[in-house]
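In what follows, a single structure is set out as structure tokens and then discussed.
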Amino acid sequence: MPRTTPKPIPEAPGRTDLGRRIAARRAELGLTREQVGSRCGADASYIAYLEEKAAAPGSGSLVRLADALGTTVAELSGATTAYPPGRGTARLDSELISLDEAECRRLLSTHGIGRVGIFTPEGPAIFPVNYVVAGAEIAFRTTGDALLARAAGTEVAFEVDHIDDAMRQGWSVLAVGEVSGVTDGDDIQRLNTVARSLPWAGGHRTHWMSVAPTRITGRRVVHQ
């Protein structure tokens, strides 16, 4: 069966980095443009303009928009992209709670960026990967001669997390299990179909690997 490669989703003409961040944060919160506009005193058409065109809103508009999206102007403008998340000061009422397996699987969702930890001849190594969830397994792509591909048949750790600096909260999920190379044509076709984007690392990364978790745990930072 021939392999297919998902096509990147076309960008809206004139969309800026600010527009991408606004749209991504709005989608993350599950808000419509009308709801965001209502929160910051603007029309839905203005939110659409900010997301899709080369807009340059004033500082006051950015402050209101960031507040409506529960984030900061620095996050929306991209001023913090060069720094790791979690630089904000912890709240005094913070608490770390454990998550059950059902919640962990829900947070894994269907795709995103995760990290795979493996043992190599030089010692432990961790690699960020684009991943998808297909049934009970976690799958990602690499190159056929990469260290990740050579880890087939060994136990690995897969971790995914989310950090919200503005709210000073977040969560992490850890899955442990054996990783294997995907060789069946039907399985490869199925994974290519559910993959929503190409690997961010670029290159010819078409070799699918699959992790079958035997243990999934997670934790979340909450406020009392």
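Here, each number is a calculation from the coordinates, and none is a lab measurement. As the structure is a computational prediction, the values presented were derived from the model and not from experiment. Here the Cβ positions follow ideal geometry from the backbone for every residue, glycine too, while neighbour counts run over all protein chains shown.
Bridges between two residues of the chain, per DSSP, are antiparallel at a rate of about 100%.
Residues in segment 189-222, backbone N under 15 Å from the label point at residue 155 (7 Å along the Cα-to-beta-carbon vector): list them, ranges by number please. Under cut-off, by backbone N: 212-217. In whole Å, how far is the Cα centre of segment 192-214 from that of segment 138-179? Value for the Cα centre distance between the two parts: 12 Å.
Look at the alpha carbon pairs under 8 Å that are at least 6 residues apart: their mean separation over the length of the chain gives a relative contact order of 24 percent. Rounded to the nearest 20, the Cβ-based charge dipole of the chain about its Cα centre (Lys and Arg +1, Asp and Glu -1) stands at 500 debye. Extent along the principal axes, Cα only, for segment 137-206: 44, 26, 21 Å, with the longest axis given first.
Evaluated at q = 0.09, 0.17 Å⁻¹, the base-10 log of the normalised Debye intensity for the chain, with identical point scatterers placed on the Cα atoms, takes the values -0.47, -1.27. Count Lys and Arg as plus one, Asp and Glu as minus one, and take only other residues whose Cβ is under 15 Å from that of residue 223; the net charge is then 0. From helices alone, the chain scores -8000 deg cm²/dmol at 222 nm; the rule is -39500 (n - 2.57) for each run of n ≥ 4 DSSP H residues, then divide by the residue total.
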